[in-house]
């Protein structure tokens, strides 16, 4: 099997459903049409074996997660997903593995009507790079830079669950089978908050994807917005499995710096919360703190004491 | 140095010159504006150490080449380059190496006013993935599918020079220093034929980038266009250094299947050649054959004998 056969078999979809794809896979480049009233939003993320996923991660989960980590970045901008390009390097052609990677990738992309329009396949160490392209009405994107003093800080979903699952997979902590089964999807099958991102477009003052951990990513918002923040640790949405297995302070550390949480953190004036909740159906959001004057990120516990957390977040190097 | 500092130091340009970049590096995604009368053209290529370049290739050349191989794909579509995204994996942060990679990358991108708008940096085996984005007026892109019986087949530049340089670098053939210095840029500093691609928009019937070798890539044109072709081996633009060091048949094999030639192969009605040549300044193009009825790609030597060449082209696996 050469790369052309490989691409045809595993990465070309039978029917293109998108009328904005003028030319998809199969030429030197893809030709795409952005709606005239929309801006193009692009994001690119790489997953490397042993760095971004344990070596024993299934091919399905690698494909699925590669899509979701990028969809999460589009969600953070309030963008509607549209197209993907994929570069995959692997040591040798393994058809069973490729079939599963492809199935995981398209399972995720199909949820959002995203079409794979091009890319590259090569020999090399196992690595998956995906670029996602989406649309946002001109000048309507959610940025990191708009947080205002007094805004509430919210997060979606749960924090720290993926980090606990990684510890369990790496045998650093011992969970029951039932417990692991409950939290493993947070690590291997994260769900990007696309619908939430779209709902936030006209309501949130800033938004970020907290894939590197709440602490590290919220600091980006504070720096870009020129503000500070206080986060109430007792309000963090933490799965009870964490608190059953770890001291509370360790739970907080995982929640604010464990990373791999494909959730959104956004700031919003309190006056817009009712409107937001009316738009959201089944998306859990939790208020965790307030934007303050200054530039610091402070953490406060249930006893109203400031807490220092060893909160570095995911380091790319 | 963490990845934020790394990106700021080596990959963020001081001033964005492009008014169509609404938001560049520094948020979850970039925000870009495609002109309303243009289609978006995207291409993604990965360079892996030991596969796409010898391990001892300089960082400057890796950065430069990563840009040019992608620019070459845009050229093949007749697209005007605009933006780039970059994902780079490396085993550890090596600042001297990164500085040179960055310098090589921007030297190439700046030639075409391309702005780096986003990407990802990670730990992993040395690998550089670049996506380029360009524009083409709606429905004006050059495709592989328009070749007509009777059209002339042209190539730009020289064929086989990069493949000979690779053999020399790998000590498979012995060249003088003067000779190597003359042909090494074909391997390490290829120049994408962007101006030629733009000139061909309204003139060529099909176009392809022959980075995988003339034989393999021209076959894509024939398959997509439903035609055959005859190529005159004696007309192939081959550097005299090849013919001085290799038997003629070996020269032909390198020229048609050596790969790594970032040249364009295009088909054009003979009636449009004069117009094309008036537009081109200093771009060498050579007629090498004709589009025929049928589906075969035939090679004919100076004695008008059909020649079988062991012509596979670059295999990605």
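Values in this text are rule-based calculations from the coordinates and carry no lab data. In this text, all values refer to a predicted model and were calculated from it rather than measured experimentally. In this analysis, Cβ positions are derived from the backbone assuming ideal geometry, glycine residues included, and neighbour counts consider all displayed protein chains.
For the reader, a short list of remarks on this structure follows.
- Report note on the peptides A:201-207, B:255-261: ranked by the mean count of other C-beta atoms within 10 Å, highest first, their order is B:255-261, A:201-207.
- Hull volume in cubic angstrom per residue (convex hull over the Cα atoms of region A:152-300): 104
- Label point 7 Å beyond Cα along the C-beta direction, distances from residue A:177 to other copies (nm, shortest first): 7.1
- Restricting the calculation to Cα atoms, every distinct pair contributes to the Kirkwood radius of region B:3-137, found to be 15.0 Å.
- Beta bridges assigned by DSSP with both partners in the protein assembly as shown are antiparallel in approximately 75 percent of cases.
- Residues of region B:9-44 with amide N under 20 Å of the 7 Å Cα→Cβ point at residue A:139: B:18-24, B:30-37
- Averaging over all projection directions, the Cα-based convex hull of the protein assembly as shown occupies 29.1 nm² in the image plane.
- Whole-number percent relative contact order across region B:3-137, with pairs defined as alpha carbons under 8 Å at least 6 apart: 38
- Whether chain A is rounded, prolate or oblate, judged on the alpha carbon gyration tensor where a/c under 1.5 counts as rounded: oblate
- Put simply, when A:169-177, A:54-62 are sorted by average Cβ atoms within 10 angstrom per residue, most first, you get A:54-62, A:169-177.
- Length released on extending from residue B:234 to residue B:309, taking residue separation times 0.36 nm less the Cα-Cα span: 25.6 nm
- In degrees, nearest ten, helix B:177-188 long axis to first principal axis of chain B (Cα): 70
- Legend: mean number of C-beta atoms from other chains within 10 angstrom of residue C-beta atoms, peptide B:269-276, equals 0.
- At 7 Å out from Cα toward Cβ: residue B:235 inter-copy label distances (nm, ascending): 7.5
- Relative contact order, percent, region A:159-317 [alpha-carbon distance under 8 Å, six or more residues apart]: 36
- At R0 = 41 Å, FRET efficiency that the Cβ-Cβ distance of residue B:278 and residue A:202 yields, to 0.05: 0.15
- Mean Cα-pair separation over length for chain A, i.e. relative contact order, pairs under 8 Å, 6 or more apart, %: 22
- Shielding by other protein chains, A:128-137, mean Cβ within 10 Å: 4
- Distance-filtered residues of region B:68-93 - backbone nitrogen under 13 Å, label point 7 angstrom along residue B:113 Cα→Cβ: B:80-83
- Placing a label point 7 Å from Cα along the Cα-to-Cβ axis, residue A:202 is separated from the same position in the other copies by 4.3 nm, shortest listed first.
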